[in-house]
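Undergrad: Have a look at this one before I ask anything.
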Amino acid sequence: MKAVIQDRYGSADILEFRDIDRPVPTADEVLVRVHAASVNAYDWHLMHGDPVIGRTMMGFRRPKAPVRGRDFAGVVEEAGSGVTGLKPGDEVYGEADGAFAEYVCARADNVGPKPANLTFEQAAAIPLAGNTALIGLRDVARVQPGQTLLVNGASGGVGTFAVQLGKAYGTEVTAVCSTRNVDMVRSLGADRIIDYTQEDFTRGEARYDVVLDLVGNHSLGSSGVCSTPSGRSSCPAAGCTRAAASSDRWGCSSSGGWWLRSHGTTGCWRSPHGRAGRTSRRCGSWPSPGRSLRSSSGRTR
């Protein structure tokens, strides 16, 4: 089969389009013929081996998983002996390393039925970004109706989902983005927008019940100052390296989890990458299953 291969860390120039053997699913995996795959910041970081501390898990000299890509949508070609609920011919979407290929093997609990009203391209844009936003708000920050939410990085893949999910959960959303993305973010339902080229949200007087920092361009300590006394601030652990380096009171993990600040204390909420994909099979756990969500590409998701 054809696949995009990476033998060392570097820029996109080191990627090669090659013929490799088709993967064979284990008992708890499904083999999916890929119809569409999306590109995430995750793929860029893995291609570059960034942050360097993350290479303890990614591989010191080269990626342990040589085929790039994470999010996919396609059709089940083969199901492992221990898989239930999925069978050959099912249209699915999910997460697994190696999605930039004709076929990918994925754990069955990281794969879910593709909604019938979505194209393969639309479904492939959801898993990593959508689940990161969902887990960050629902499971880590545990947002509640009536709370105030600030999303730093509101125009990115995760941020566009977070703004819409925040509104679906009944929060008052303040979105931080650049000038060129103000209109797009406003169209997603943000109540207030802060243009970071004009205003530093960490220096304002407003305080928020939840601060979701998806950029890490401020120290986690300064982001925490924006929280109410009982508020929470959190960011994906893999994306908070710069923020963590700005404060001796915070640390960073490459576990694919979240850092959480609550009531003046800190802690790490760990969630392996695959675990996030499980929510794709429980669409009813989203705040409003029938709600139309849009990704940063502007398409309906």
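The values are calculated or read from the model by the stated rules, or taken from the named source; none is laboratory data. All of these numbers come straight from a predicted model, not from anything done at the bench. Backbone-built Cβ (ideal geometry, glycine too); neighbour counts: all protein chains shown.
Undergrad: Out of curiosity, is residue 3 in a loop (DSSP other than H, G, I, E, B), of a type in the set (Gly, Ala, Ser) and modelled with pLDDT of 95 or more?
TA: Considered against the rule, which asks whether it is in a loop (DSSP other than H, G, I, E, B), of a type in the set (Gly, Ala, Ser) and modelled with pLDDT of 95 or more, residue 3 comes out as no.
Undergrad: From 21, 50, grab the single residue that is assigned to a loop (DSSP other than H, G, I, E, B), of a type in the set (Asp, Glu) and over 23 Å from residue 1 (Cα atoms).
TA: Result: 50 is the single residue among 21, 50 that is assigned to a loop (DSSP other than H, G, I, E, B), of a type in the set (Asp, Glu) and over 23 Å from residue 1 (Cα atoms).
Undergrad: So, of the residues in segment 196-212 that are touching a strand residue (DSSP E or B) at 6+ places or on another chain (Cβ under 7 Å) and among the charged types (D, E, K, R), which turns out to be farthest from residue 144 (Cα to Cα)?
TA: Filtering segment 196-212 for residues that are touching a strand residue (DSSP E or B) at 6+ places or on another chain (Cβ under 7 Å) and among the charged types (D, E, K, R), the one farthest from residue 144 (Cα to Cα) comes out as 207.
Undergrad: Of all residues in segment 24-46, how many are assigned to a loop (DSSP other than H, G, I, E, B) and under 22 Å from the mean Cα position of the chain (by Cα)?
TA: Of the residues in segment 24-46, the ones assigned to a loop (DSSP other than H, G, I, E, B) are 24-28, 39-40.
After this cut, where a residue has to be under 22 Å from the mean Cα position of the chain (by Cα) as well, the list is 39-40.
Residues meeting the conditions: 2.
Undergrad: In the set 26, 56, which member is touching a Gly at 6+ places or on another chain (Cβ under 7 Å) and surrounded by fewer than 16 Cβ atoms within 10 Å (Cβ to Cβ)?
TA: 26
Undergrad: Let me ask something else about it. Which count do you get for residues in segment 117-134 that are surrounded by 18 or more Cβ atoms within 10 Å (Cβ to Cβ), under 13 Å from residue 73 (Cβ atoms) and of a type outside the set (Gly, Ala, Ser)? Working first, answer last.
TA: Our first condition is that a residue be surrounded by 18 or more Cβ atoms within 10 Å (Cβ to Cβ); within segment 117-134, this holds for 118, 120, 122-134.
In the following step, the residues that additionally are under 13 Å from residue 73 (Cβ atoms) were identified as 118, 120, 122-128, 130.
Okay, now just the ones that are also of a type outside the set (Gly, Ala, Ser), so 118, 120, 122, 126-128.
Residues in segment 117-134 being surrounded by 18 or more Cβ atoms within 10 Å (Cβ to Cβ), under 13 Å from residue 73 (Cβ atoms) and of a type outside the set (Gly, Ala, Ser): 6 in total.
Undergrad: With respect to residue 186, is the statement that it is at pLDDT 90 or above and of a type in the set (Lys, Arg) true?
TA: Answer is yes for this residue.
Undergrad: Could you tell me how many of the residues in segment 135-175 are touching a helix residue (DSSP H, G or I) at 6+ places or on another chain (Cβ under 6 Å), modelled with pLDDT under 95 and part of a strand (DSSP E or B)?
TA: 2
Undergrad: Looking at the structure I just gave you, is residue 5 in contact with a Pro (Cβ under 6 Å, 6 or more places away or on another chain) and surrounded by fewer than 20 Cβ atoms within 10 Å (Cβ to Cβ)?
TA: yes
Undergrad: When the residues of segment 154-183 are narrowed to those that are surrounded by fewer than 16 Cβ atoms within 10 Å (Cβ to Cβ) and in contact with a strand residue (DSSP E or B) (Cβ under 8 Å, 6 or more places away or on another chain), which ends up nearest to residue 41 (Cα to Cα)?
TA: Across segment 154-183, the extreme among qualifying residues is 178.
Undergrad: Return the residue satisfying two criteria in turn: it lies in segment 135-146 and is buried (at least 21 other Cβ atoms within 10 Å of the Cβ) and of a type outside the set (Val, Ile, Thr), and of such residues it is farthest from residue 186 (Cα to Cα).
TA: The qualifying residue farthest from residue 186 (Cα to Cα) is 141.
Undergrad: Does residue 97 satisfy the condition of being closer than 27 Å to residue 155 by Cβ, among the acidic types (Asp, Glu) and free of Cβ contacts under 8 Å to residues at least 40 places away in the same chain?
TA: yes
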